[in-house]
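These notes are about the structure you will find just below.
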Amino acid sequence: MSEAYKIHKQDAAYFMTFQVVNWVDIFTRKRYRDIIIENLKYCIANKGLTVYAYVIMSNHIHILASAEGKGLSEVVRSMKSFISKRLIDSIFSEPESRRDWMVDLFKQSAQSHKRNTNYQIWTHENHAVECYSPKFTWQRINYIHENPVRAGIVSLAEHYTFSSAIDYANRTGLIPICILHPHFVSF
């Protein structure tokens, strides 16, 4: 993995992308997006995660976050591992027309990396980039929120349910986030 995309400052805020292997569109199902939301809430309440902005797309997640305590790398590792297990359990236990296809892809991905045992949902890279200035931070927040608009899913960012754009439009979203204000960015 490139040194440029590693989390070097464990207490700093980072823009990250969690990509599903082979760009599998797993998050087209609400129940899989709900697993992400539940885990984000848990990590916020119990692991020191602070989320400033996020969006869950069909095959990736963008998040701008920081963490206290054990540090961001540990929280991200734990979060991705837990979510992977819950997703696999859900694929097997609930009706899923794409089950065989997804399981085969996740199995093949795991076999190509010795870090994995049975299935690999996420790529190993998080593409973590430190939010080093207010200008960069706001560019990333806007990028995150405009993802569903660019994808043609909604015409206004705040209309996409699985995003923090609704919070930035002065309404309440699905998870508690820390709203940053354009003229004052402090982590």
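Read-outs throughout are calculated quantities, based only on the coordinates presented, and are distinct from any laboratory measurement. As the structure is a computational prediction, the values presented were derived from the model and not from experiment. So basically every Cβ, Gly included, is an ideal-geometry build from the backbone, and we count neighbours across all protein chains shown.
How high is the relative contact order of region 3-168? Use alpha-carbon pairs under 8 Å, at least six apart in sequence, and give a whole percent. Please report the intermediate quantities before stating the final value.
On the way: 241 pairs, mean separation 53.2, N = 166.
The normalised contact order for region 3-168 reaches 32 percent.
Looking at the chain, do any whole DSSP H helices span at least 20 angstrom along their long axis by alpha carbon and average 0.0 or above on Kyte-Doolittle, and which? Kindly include the intermediate steps, with their values, before the conclusion.
On the way: long enough: 30-46 (24 Å, -0.43); 72-93 (31 Å, 0.38); 134-150 (23 Å, -1.19).
Correct list, ordered by number: 72-93.
With only alpha-carbon pairs counted, each pair once and no self-pairs, how large is the Kirkwood hydrodynamic radius of region 63-187 in angstroms? Please list the in-between numbers first.
Values: mean 1/r = 0.0580 Å⁻¹.
Radius from the Kirkwood sum: 17.2 Å.
What would the Debye equation give as log₁₀ I(q)/I(0) for region 1-73 at q = 0.19, 0.26 Å⁻¹, counting only Cα atoms as equal point scatterers?
-0.85, -1.23
Sorted by packing (mean other beta-carbon atoms within 10 Å per residue), highest first, where do 121-132, 53-64 land? Working shown, then result.
On the way: 121-132: 18.1, 53-64: 22.3.
Ranking the peptides 121-132, 53-64 by packing returns 53-64, 121-132.
Provide the packing ranking of 67-76, 102-111, 88-97, i.e. peptides ordered by the mean count of other C-beta atoms within 10 Å per residue, highest first. Don't skip to the answer; put the middle values down first.
Values: 67-76: 18.3, 102-111: 16.3, 88-97: 12.4.
Descending mean neighbour count gives 67-76, 102-111, 88-97.
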